[in-house]
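Asker: Can you keep this structure in mind? I'll have questions shortly.
Just so it is clear, none of the values below were taken in a lab; they were calculated from the coordinates. What you see is a predicted model, and the numbers here were worked out from it, not measured in a lab. Neighbour counts are summed over all protein chains in view; Cβ atoms, including those assigned to glycine, are modelled from backbone coordinates with ideal geometry.
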Amino acid sequence: VSQSRYEQVQERIERLTQYNKQIVEVKMFEQPISPTVYRNTEVRDTLPEFIGGDEAFLDLIEKLFNESNFVPSSNTTEIQFVINEKGNVSNVTAKGKSLTLNAEAALAIYKTNGMWKPAEYKGKKISSIHTVPLFMNFSKN
């Protein structure tokens, strides 16, 4: 293995370690999910909504990604998180084949904290679990 390739691998390991530390720090402040959290498939009058709409949400997520962390490729991940009755985000998980994409996606979602209109049921704001599939295409600049 060439020295430069070895350095690239070491750099990626360091970045993933940093992501892990950041996620652990954020999760320390999370609250347990209450039994009154509603899932996507349960009855709600309105779904949670990103303030500014879906397009603004996707634009922000794209801006929050550091493309230098990725080789040219296409990857998908599924992000699941709780939006509480105040519009705050917690309990973020990301599931996909790319650990780097999962970490970046989770951090990006945490950075949207407070930017959500919560779901409603019978006129009352409620906590709910929201799931977002994310497809990212990284190209060489």
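Asker: For region 93-139, rounded, prolate or oblate, judged on the Cα gyration tensor with a ≥ b ≥ c (square roots of eigenvalues), a/c < 1.5 rounded, else prolate if a/b > b/c?
Answerer: Prolate, because a/c is 1.5 or more and a/b exceeds b/c.
Asker: Please give the peptides 74-80, 49-55 ranked by average Cβ packing (other Cβ atoms within 10 Å per residue), highest first, as a rough proxy for protection.
Answerer: 74-80, 49-55
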